[in-house]
Amino acid sequence: MNKIKYGSILLLILFISCNTSNELDRTRFMVLDSVVYATEFPNEFILEYKIETGLDIVGAWSFTIQDSMMIFSTRNNKGLWKFISLPEQIELGNFLNLGEGPLEFSSTLSVSDNVRFVKSDGVLYSYIYHFENGKLLKLNITESLKAKETIVSVIDDSLPKFLFDFVMLDSGKYFYREISDTETQQLRYLEKHGDISVNSNMAKLNEAALLEGGDFGIMATMTRYNDRHDKIVEMNFGLNYINLYSVNNDFGKTICVESKLDDIGQIESKENVDRIFRFSAVRVYDDFFGVLYVNEKNETYFTSREKYPEILLFDWGGNPLANIKLQSHITSFDIDFISKELYSFDSRTDEFAKYDIGEILSVIQK
């Protein structure tokens with residue numbers, strides 16, 4: 001069994017709230033009214049003992065764990081997604097193809113972005129936003145695995161094309177983010193059966209703006225939704241804070257992981273190599289959510305990588321739970337709660353490993 005070093009911070013963590021509407025220019029800070037600074041965590045763990053999985057998935061670049069399976073995004077034209085059973089690690093099939101057909105894709109397809117997995121009446125589905133043609137596709141995973149062929153259908157063909165973010169919240173209800181007419185903002189919307197709306201938290205975040213001709217990578221996010229808590233998590237790739245807010249009520253919180261918020265205007269003034277790559281992955285679970293915190297200058301992160309990343313875990317109130325410090329480079333992670341193992345993947349080296357985190361889960365879920 002892996003040995004895990006951890007320490008508990010005995011002092012209560014003080015969250016410092018800011019009156020952002022009065023003190024900050026919203027065009028320069030993509031934040032909500034309540035800003036908290038999570039600079040320390042009540043539990044810290046060091047993952048030292050890596051277990052090699054022995055898996056070598058050709059062309060893999062991201063993965064997720066769903067319903068006792070690992071699903072990999074690959075660059076295989078005939079089978080963009082590869083399914084592998086847990087814990088046996090048996091290959092179950094490859095589905096979804098590149099091509100020109102109405103149910104095919106013109107580029108590789110992420111299993112962790114613009115996708116939602118739903119299990120209903122024992123059947124696992126994946127709802128996939130088709131970036132190039134504005135369609136929402138429904139992959140019947142359970143039946144595809146049984147039939148050994150892709151069983152997919154179009155359930156909505158009227159969505160905007162080329163959205164920056166898309167999340168299916170419920171049947172006929174979507175969250176999405178698209179570029180403004182001035183091409184200086186990224187605007188969030190809710191759509192329910194064709195009706196468009198913006199809630200109060202989304203309206204605040206929509207105020208953030210770049211200079212004309214600015215680099216939209218500065219405000220790029222990876223967005224996740226948890227239906228049990230009815231909350232959206234927006235992880236910023238290039239900003240040192242996470243936005244957590246409800247779809248149907250006023251709850252909203254900006255979680256800054258440093259002592260000072262990143263200023264969009266100041267980042268714009270820097271050369272790309274001097275900007276900092278803050279986060280690279282976010283995962284949501286019933287009891288908490290986690291982000292992969294990189295915090296390294298672009299100059300080194302995209303070349304030599306000098307710092308090991310950390311996995312930061314928060315509860316659904318936005319309170320810090322744990323900082324899991326890694327001793328190797330990874331680009332994504334996920335958790336198998338049945339075996340109580342954390343899986344990690346590094347798309348640069350194709351290394352796919354796992355760690356026993358039973359002790360960690362017993363601490364943060366008690």
Calculated P(r) of segment 288-366 - Cα pairs past 19 Å, %: 39 percent
message: Over the Cα atoms of segment 248-310, what radius of gyration and what Dmax do you get, in Å?
response: 14.5, 44
field: Convex hull volume of segment 56-115 per residue (C-alpha atoms, cubic angstrom)
entry: 82 Å³
- prompt: Just for the Cα atoms in segment 135-288, what are the lengths along the principal axes, largest first, rounded to whole Å?
  reply: 53, 37, 34
Among beta bridges that DSSP assigns inside segment 34-365, antiparallel share in %, nearest 5: 90 percent
query: Do the sum for the chain: with -39,500 (n - 2.57) for every DSSP H run of n ≥ 4, divided by all residues, what is the mean residue ellipticity at 222 nm, to the nearest 500 deg cm²/dmol?
result: -2000 deg cm²/dmol
- line: Carbon and sulfur atoms account, in whole percent of the 1.4 Å probe accessible area of the chain, for 48 percent
- prompt: If you take the beta carbon distance between Glu143 and Glu88 as r and set R0 to 30 Å, what does 1/(1 + (r/R0)^6) give as a FRET efficiency, to the nearest 0.05?
  reply: 0.90
field: GluC sites (Glu not before Pro) restricted to segment 42-88 and DSSP loop, no more than 13 other C-beta within 10 Å
entry: Glu88
- line: the chain accessible area per residue, 1.4 Å probe, protein heavy atoms, integer Å², reads 44 Å²
- request: Please report, in cubic angstrom per residue, the volume enclosed by the convex hull of the alpha-carbon atoms of the chain.
  value: 146 Å³
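Pull out the extension gain between Asn249 and Ser153, defined as 0.36 nm times the separation in residues minus the alpha carbon to alpha carbon distance; nm, one decimal.
On the way: separation 96, 0.36 × 96 = 34.56 nm, distance 3.28 nm.
So the chain would gain 31.3 nm between Asn249 and Ser153.
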query: Once Lys and Arg get +1 and Asp and Glu get -1 on their Cβ, which of Leu103, Phe277, Pro42 lies farthest toward the positive end of the dipole of the chain?
result: Pro42
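The values are calculated or read from the model by the stated rules, or taken from the named source; none is laboratory data. Worth saying up front: this structure is predicted, and the values here are computed from it rather than measured. For neighbour counting, all protein chains shown are included, and Cβ atoms are generated from backbone atoms with ideal geometry for every residue, glycine included. These accessible areas exclude ligands, DNA and RNA; they are computed on the full protein's heavy atoms, side chains included. Shrake-Rupley method; radii C 1.70, N 1.55, O 1.52, S 1.80 Å.
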